[in-house]
Amino acid sequence: MDHKEGAYKVHDLGLAEEGRLLMEWAETRMPVLKSLRDKYAESQPFKGYKITGCLHVTKETGVLVETFAACGAEVAWSGCNPLSTNDAVAAALAEAGIEIYAWYGQNTEDFYWSIDRTIDKVPDLTLDDGADLIFRVHSNFPEMADAIIGGSEETTTGVHRLRAMADDGKLLYPVYAVNDAETKWDFDNVYGTGQSTLDGILRASSVLLAGKNFVVAGYGHCGRGVAMRAKGMGANVIVTEVKPTAALKATLEGMRVMTMEEAARVGDIFVTATGMRDIIRGQHFLSMREGALVCNTGHYDVELNLAELAEVSVSNRMVRADNREYTMENGKKINILADGRLVNLAAAEGHPSEVMDMSFANQFMAHLTLVQRKESGETLPNTVIDLPVELDQEIAGIKLETMGLSIDRLTEEQVIYATDYSAGT
Ligand code: ADE
């Protein structure tokens with residue numbers, strides 16, 4: 001393919017062909033997003049608008065970026081995690097003329113340099129996964145916010161941060177909470193995280209899961225997805241929690257609940273999925289069994305306290321890709337996967353295309369809604385906004401249709417019955 005000139009910085013443009021094949025593979029499994037592309041490509045609703053995104057550069061993200069571009073948008077992109085960029089996909093996007101600054105293994109300076117390049121020309125819309133782009137705009141370039149119509153946020157952690165900011169009156173433009181759409185959190189967070197986390201653990205270790213004590217910290221949607229899948233593979237799942245209702249739910253779903261102090265002594269594999277810092281600390285690491293595998297699938301690399309691990313260990317070495325073995329001061333060895341960064345993206349390919357299809361259909365619709373509302377003269381408040389609930393049913397309906405599944409419809413009598421409060425025994 002001819003390289004179309006555009007601003008970019010990627011690892012190696014020579015990987016573009018490989019990246020193109022990956023994106024083609026993903027696209028065949030993303031029929032909902034494809035249907036949106038087909039629906040809007042002709043009317044070009046994003047023509048004249050620049051969308052800047054900061055989200056994992058995966059094959060699925062490549063399909064989203066090209067869908068925006070096919071519907072008229074000028075797009076600039078950076079990755080939202082130093083270890084999640086697929087260099088081949090980044091090359092394919094650069095090759096196709098997308099403005100992109102992303103490569104695997106960025107340091108902090110590269111990371112913010114890349115974000116800054118994507119906003120050298122002020123965007124009309126921002127798209128985040130973890131809110132780093134929005135924070136960058138708010139903290140370093142607040143004057144830009146006046147020109148920004150709105151944004152969207154992909155993940156639980158990001159939505160929490162933005163809601164806190166909005167509560168403080170500090171959010172300078174409206175943001176759609178894509179994470180909070182049912183067709184996002186109830187699928188991506190559960191089945192996406194569940195499968196991709198196990199995928200990352202297996203790629204980085206190839207261990208047998210059956211019969212292992214598998215500790216999941218956090219029983220939110222992501223932790224529950226991981227626990228369900230580990231249980232399905234024959235592991236003995238242990239859950240640690242701070243929230244009584246979540247711990248109760250885990251118990252009633254057949255998981256063992258205990259504190260991390262107890263779990264640290266018996267676990268073979270540990271996964272953190274809490275969104276909170278310091279879930280596994282120095283003393284926990286020290287009490288682990290020989291050969292314990294420890295990883296994180298939360299958005300930020302704060303859940304494993306690696307500074308404390310450094311204090312209680314004497315040396316470390318890479319023993320295979322994404323797998324670092326630490327020798328502890330008590331002589332035992334434990335393994336940290338992906339250096340505590342999200343294991344599903346750093347050691348595997350992130351969530352499967354089939355779930356990202358619905359997450360990214362929500363992203364597309366969030367941005368389309370922002371543009372349509374702006375064009376109809378509507379002013380949105382500077383808060384975190386939910387997508388309309390009807391959209392969930394629409395997206396789920398298309399998904400079912402593309403899976404060849406039909407569902408029932410209520411009869412007229414049933415519709416009346418549903419709203420008739422006088423009907424009783
Ligand atoms: N987050 C988790 N999995 C992902 C994927 N495949 N693409 C983009 N973002 C993701």
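Key figures
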{"read-out": "When residues of region 331-342 are limited to those that are more than 16 Å from the ligand (Cβ to nearest atom) and open to solvent by 30 Å² or more (accessible area, probe 1.4 Å), the one nearest to residue 182 (Cα to Cα)", "value": "339"}
{"read-out": "Within region 204-220, tally of residues that are under 19 Å from the mean Cα position of the chain (by Cα) and either open to solvent by 20 Å² or more (accessible area, probe 1.4 Å) or on the phi > 0 side of the Ramachandran plot (or both)", "value": "2"}
{"read-out": "Within region 38-67, tally of residues that are more than 13 Å from residue 368 (Cβ to Cβ), part of a loop (DSSP other than H, G, I, E, B) and more than 9 Å from the ligand (Cβ to nearest atom)", "value": "2"}
{"read-out": "Failed criterion for residue 151 (all others in (1) open to solvent by less than 10 Å² (accessible area, probe 1.4 Å); (2) more than 21 Å from the chain's Cα centre (by Cα) hold)", "value": "(2)"}
{"read-out": "Checking residue 308 against (1) in contact with a helix residue (DSSP H, G or I) (Cβ under 7 Å, 6 or more places away or on another chain); (2) of a type in the set (Asp, Glu); (3) under 21 Å from residue 192 (Cα atoms), the condition it does not meet", "value": "(3)"}
{"read-out": "Some residue of region 321-328 being among the basic types (Lys, Arg) and closer than 12 Å to residue 204 by Cβ", "value": "yes"}
{"read-out": "Any hit, region 138-148, residues being open to solvent by less than 40 Å² (accessible area, probe 1.4 Å) and either more than 14 Å from residue 51 (Cα to Cα) or not assigned by TED's automatic domain parsing to the domain that holds residue 79 (or both)", "value": "yes"}
{"read-out": "Qualifying residue in region 168-186 (condition: charged (D, E, K, R), within 16 Å of the ligand (Cβ to nearest atom), open to solvent by less than 50 Å² (accessible area, probe 1.4 Å) and within 22 Å of the chain's Cα centre (by Cα))", "value": "yes"}
{"read-out": "Long-range neighbours under 8 Å by Cβ, at least six apart or interchain, first residue within 12 Å of residue 33 (Cβ to Cβ) within region 348-360, second near the ligand (Cβ under 8 Å from one of its atoms) and outside any helix (DSSP H, G or I)", "value": "356/58; 356/350; 359/154; 359/351"}
{"read-out": "Options 345, 405, 410, 400; residue that is aliphatic (A, V, I, L, M) and either open to solvent by less than 30 Å² (accessible area, probe 1.4 Å) or in contact (Cβ under 8 Å) with a residue 12 or more places away in the chain (or both)", "value": "345"}
{"read-out": "Flag if residue 97 is within 14 Å of residue 7 (Cα to Cα) and assigned to a loop (DSSP other than H, G, I, E, B)", "value": "yes"}
{"read-out": "Considering residues of region 189-203 that are within 13 Å of the ligand (Cβ to nearest atom) and open to solvent by 10 Å² or more (accessible area, probe 1.4 Å) only, the residue nearest to residue 322 (Cα to Cα)", "value": "199"}
{"read-out": "Yes/no for residue 359 being loosely packed, with under 13 Cβ neighbours inside 10 Å, assigned by TED's automatic domain parsing to the domain that holds residue 85, among the hydroxyl-bearing types (Ser, Thr, Tyr) and under 30 Å from residue 70 (Cα atoms)", "value": "no"}
{"read-out": "Tally of residues being within 15 Å of the ligand (Cβ to nearest atom) and either more than 22 Å from residue 75 (Cβ to Cβ) or assigned to a loop (DSSP other than H, G, I, E, B) (or both) across region 348-392", "value": "7"}
{"read-out": "Residue count for region 221-243, restricted to those that are open to solvent by less than 40 Å² (accessible area, probe 1.4 Å) and not hydrophobic (A, V, I, L, M, F, W, C)", "value": "4"}
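The values are calculated or read from the model by the stated rules, or taken from the named source; none is laboratory data. Fair warning: this is a prediction, and the values are worked out from it, not measured in the lab. As a convention, Cβ positions derive from the backbone with ideal geometry for all residues, glycine included, and neighbour counts pool all protein chains shown. When the accessible area is computed, the model is the full protein with side chains, heavy atoms only, and any ligands, DNA or RNA have been set aside. Shrake-Rupley method; radii C 1.70, N 1.55, O 1.52, S 1.80 Å.
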